[in-house]
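First up is the structure itself, then whatever we jot down about it.
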Amino acid sequence: MRRCLYLVPLFWLMATSSWADARTSVLMDVLKIEEVAQILQAEGIASAETLNQDMLGGNGGAGWQLQVGAIYRPQRIVEMLRTRLEAELQGDLREEVIAFFASDIGAEIISLENAARAAIGDDDIENAARLRFAEIEGTDDPRLAQIKALVESGDMITRNVTAAMNSNYQFMRGLAEGGAIKMTESEILADSAAQLDAITADTTGWLYGYLLLAYSPLEDDALDLYLEFAETEAGMALNRALFDGFGAAYEDISYALGRAVALNMVAQDL
């Protein structure tokens, strides 16, 4: 009988863990994280081709493409997002996020965000989105006011700028440790810090342009509901998880990309 007493809590722990894993999978599904990862992979491959032209003289070839494909492996992003979502969203918070994004409005928002993210990879669309923001910046445009409230509630400018600077630092560190450049850690940090104003301006134009594009089909009432959700404890926890997850993924990717560029640069010099 004493043995049986220990089987119940063990079974309960196993069942609870399985339930949590299953609900996290549902959360990943309603947020369409795998779709996001595929979009970001496409962005990364396009950016890597620019690096090939600018830093490798266009001579990266098939080897470079294989390296880039491995670095921007979607599962890497998915795994890091899952880890952060599991840490930040448990119990009722997780269920609130699932409920919102499983609703018609929540599902539409995710679809619009992903479609806009895929579209803005086109330079012409990005320029048009930035121009739209520039045209209404500083005005009392009601849609701009809604998006500004959303951006400020999630501290999105600061979080995006921080992520961009950390990624730049990791890329430069990868270059240095790979032998492509000679810079100390303090020099890399100083170089990254010097880009703060430029990165902030660029991030602001891109983010507002992207959100204006993404939510343009959305009714004002629906966007207001999204803002209300974003300001809840669950919404803020989701925001932290996503920024932490994407930030960690891009730091990892940027360092690996810097090392790969360095490897190819050094190989070309031999």
*Identify, please: which residue in the range 35-52 is within 16 Å of the chain's Cα centre (by Cα) and acidic (Asp, Glu) and is, among those, modelled with the lowest pLDDT?*
Glu43
*Scope the range 112-132; condition in contact (Cβ under 8 Å) with a residue 24 or more places away in the chain and closer than 14 Å to Asp202 by Cβ; matching residues*: Ile120, Glu126, Ala129, Arg130
*Pick from the range 217-261 the residues that are part of a helix (DSSP H, G or I) and free of Cβ contacts under 8 Å to residues at least 12 places away in the same chain: which of them is farthest from the chain's Cα centre (by Cα)?*
Asp221
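Residue by residue, here is whether (1) at pLDDT 95 or above; (2) of a type in the set (Phe, Trp, Tyr) holds:
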{"residue": "Cys4", "(1), (2)": "no, no"}
{"residue": "Phe11", "(1), (2)": "no, yes"}
{"residue": "Ser18", "(1), (2)": "no, no"}
{"residue": "Ile33", "(1), (2)": "yes, no"}
{"residue": "Ala70", "(1), (2)": "no, no"}
{"residue": "Arg76", "(1), (2)": "no, no"}
{"residue": "Glu79", "(1), (2)": "no, no"}
*Within the range 181-198, which residues are closer than 23 Å to Leu263 by Cβ and either among the β-branched types (Val, Ile, Thr) or not in a helix (DSSP H, G or I) (or both)?*
Ile181, Lys182, Met183, Thr184, Ile188
*Please work out which residue is farthest from Ala260 (Cα to Cα), limiting yourself to the range 49-64 and to residues that are surrounded by 14 or more Cβ atoms within 10 Å (Cβ to Cβ) and without any contact (Cβ under 8 Å) to a residue 60 or more places away in the chain.*
Glu49
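If you check Arg132, Arg73, Arg143, which single one turns out to be touching a Leu at 6+ places or on another chain (Cβ under 6 Å) and surrounded by fewer than 18 Cβ atoms within 10 Å (Cβ to Cβ)?
Numbers: Arg73 fails: touching a Leu at 6+ places or on another chain (Cβ under 6 Å); Arg143 fails: touching a Leu at 6+ places or on another chain (Cβ under 6 Å).
Residue meeting the stated conditions: Arg132.
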*Checking Asp191 against (1) within 23 Å of the chain's Cα centre (by Cα); (2) closer than 20 Å to Ser47 by Cβ; (3) without any contact (Cβ under 8 Å) to a residue 60 or more places away in the chain, the condition it does not meet*: (1)
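Tell me yes or no: at least one residue of the range 33-48 is without any contact (Cβ under 8 Å) to a residue 24 or more places away in the chain, of a type outside the set (Gly, Ala, Ser) and part of a helix (DSSP H, G or I). Full working, then the answer.
Within the range 33-48, the subset without any contact (Cβ under 8 Å) to a residue 24 or more places away in the chain is 47.
Imposing the further condition that a residue be of a type outside the set (Gly, Ala, Ser) reduces the set to none.
Scanning the range 33-48 turns up no residue that is without any contact (Cβ under 8 Å) to a residue 24 or more places away in the chain, of a type outside the set (Gly, Ala, Ser) and part of a helix (DSSP H, G or I).
Can Phe100 be described as more than 19 Å from the chain's Cα centre (by Cα), under 16 Å from Thr203 (Cα atoms) and among the aromatic types (Phe, Trp, Tyr)? First the steps, then the outcome.
Working: more than 19 Å from the chain's Cα centre (by Cα): yes; under 16 Å from Thr203 (Cα atoms): no; among the aromatic types (Phe, Trp, Tyr): yes.
When the stated conditions are applied, Phe100 does not pass them.
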*Kindly provide the set of residues from the range 62-112 that are touching a helix residue (DSSP H, G or I) at 6+ places or on another chain (Cβ under 7 Å) and over 21 Å from Ala237 (Cα atoms), ordered by number.*
Trp64, Gln67, Val68, Ile71, Tyr72, Pro74, Arg76, Leu112
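When you check Arg173 against the structure, is it under 23 Å from the mean Cα position of the chain (by Cα), farther than 24 Å from Asn52 by Cα and at pLDDT 95 or above, yes or no?
Numbers: under 23 Å from the mean Cα position of the chain (by Cα): yes; farther than 24 Å from Asn52 by Cα: no; at pLDDT 95 or above: yes.
No, not satisfied.
The values are calculated or read from the model by the stated rules, or taken from the named source; none is laboratory data. Keep in mind it's a predicted model, so treat the numbers as computed, not measured. Virtual Cβ from ideal backbone geometry, glycine too; neighbours counted across all protein chains shown.
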